[in-house]
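S.K.: Here's a structure for you.
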Amino acid sequence: MTAHSSPLLARISTERDRLPPSEGKVADRILAQPHTVINQPIARIAAQAGVSEPSVVRFCQRLGYRGIQSFKLALTRSLATTQPAGVMDVASNEPLEGLAAKVMDRQIATLIQTRNNLDHQALERAIGLLANASRIELYGHGASGLVAEDAQHKFFRLGSPVAAYTDPHNHAISAAVIPPDAVIIAISHTGRSRDLLDSLAIAQQRGIPIIGLTRPGTPLAQLATVRLHVEVDEDTDVYTPMLSRLTHLALLDVLAVGVALRAGAAGRERLGQIKTVLNARR
């Protein structure tokens, strides 16, 4: 990512030659490695720029920020909202500092992209279905299966009868016998797993509501009653974590919190009881 692809970095680059010498060194340090600056304490930034800590503070204030923390927050947002989610460019000899920054910045960018593209009407409908369901069942394979199992734990804590199925035979059986007032959450980034689609077709024929977490235009999206689209360009880089898994986890967190809020005082009491039981075991 070039400096000019971020509005804040472009501004720093433009103002660089008008800065006092010590603050210009701070600007050079930030422009050279903006991702690493985000996670560094002010002392290290100052040392690497060859200036004093007050010079770093003055640089931030000259740009209109109260100090280094507010500047780093603004830099994080600027990098996250402008960096393409599918680009990470981790070198085989990547320093750990740069590695952590690149991986996390890419995750932040993906979550922001997902948040900005969220269909709030679909989200509201999904929460309504889940809040009124007699039972929640989650289908997923591979990494999506791990997401389904994580969501099972979340809804279980809310007191919802819930099960996660990652085996094709099991979710086929589930689709055939699940109660008509239950809800299925189907998770698949590609939305093209034949076994998953076959089970969902059985459930659809029986009139079971299906909440689909997948990319737009997939066969899963076509089968789903409610579609929560996740538009993530998975990088083919061998070092790249699966961003679709991260966004699916986040969306399921939103659904679980939404269901908890719908439960009102009774839901809060149940969560309080769970916390009391868990605290007693520590």
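The values are calculated or read from the model by the stated rules, or taken from the named source; none is laboratory data. The shown structure was predicted, so the numbers you read here are calculated from the model rather than taken from an experiment. Cβ sites come from the backbone with ideal geometry, for glycine too, and all protein chains shown count toward neighbours. Just the protein is used for accessible areas: all its heavy atoms, side chains included, with ligands, DNA and RNA removed. Shrake-Rupley method; radii C 1.70, N 1.55, O 1.52, S 1.80 Å.
S.K.: Would you mind classifying region 147-219 by shape? Square roots of the alpha carbon gyration tensor eigenvalues, ordered a ≥ b ≥ c; an a/c under 1.5 is rounded, otherwise it is prolate if a/b is larger than b/c and oblate if not.
M.R.: Values: a/c = 1.63, a/b = 1.21, b/c = 1.35.
In terms of gyration-tensor shape, oblate.
S.K.: Straight-line reach only, C-alpha to C-alpha below 16 angstrom: list the lysines that K154 could link to, leaving out same-chain residues fewer than 8 apart.
M.R.: K275
S.K.: Roughly speaking, to the nearest percent, how much of the chain's 1.4 Å accessible area is carbon and sulfur?
M.R.: Carbon with sulfur: 54 percent of the solvent-accessible area.
S.K.: Tilt of helix 168-177 relative to the longest C-alpha principal axis of the chain, in degrees (0 to 90, nearest 10)?
M.R.: Between helix and principal axis, roughly 50 degrees.
S.K.: Putting +1 on Lys and Arg Cβ atoms and -1 on Asp and Glu Cβ atoms, find which of L197, Q152, S174 reaches farthest to the positive end of the dipole of region 121-217.
M.R.: Of the options given, the answer is L197.
S.K.: Picking from T214, T36, T14, which is most flexible by a Gaussian network model of the chain using Cα springs under 10 Å?
M.R.: Result for the chain, Cα springs under 10 Å: T14 fluctuates most.
S.K.: Which residue, L251, L73, L123, tops the fluctuation ranking in a GNM of the chain built on C-alpha contacts under 10 Å?
M.R.: L73
S.K.: Using Cα positions and a limit of under 16 Å, work out the lysines in reach of K72, with same-chain residues fewer than 8 apart set aside.
M.R.: Correct list for K72: K102.
S.K.: Sticking with this structure for a sec: Under a 5 Å amide H to amide H cut-off, with H placed in plane at 1.01 Å, what residues pair with D119 once short-range neighbours are removed?
M.R.: H229
S.K.: Kindly express, to the nearest 10 degrees and within the range 0 to 90, the angle between helix 21-32's C-alpha long axis and the longest C-alpha principal axis of the chain.
M.R.: With rounding to tens, the tilt is 30 degrees.
S.K.: Which residue fluctuates the most in the chain, going by a Gaussian network model with Cα springs under 10 Å, if the choices are L19, L129, L220?
M.R.: Sorting by GNM fluctuation, first place goes to L19.
S.K.: Figure the gain on full extension for D28 and H120 (residue separation times 0.36 nm, minus the Cα-Cα span) and round it to one decimal in nm.
M.R.: Working: separation 92, 0.36 × 92 = 33.12 nm, distance 4.17 nm.
The D28-H120 span can extend by a further 28.9 nm.
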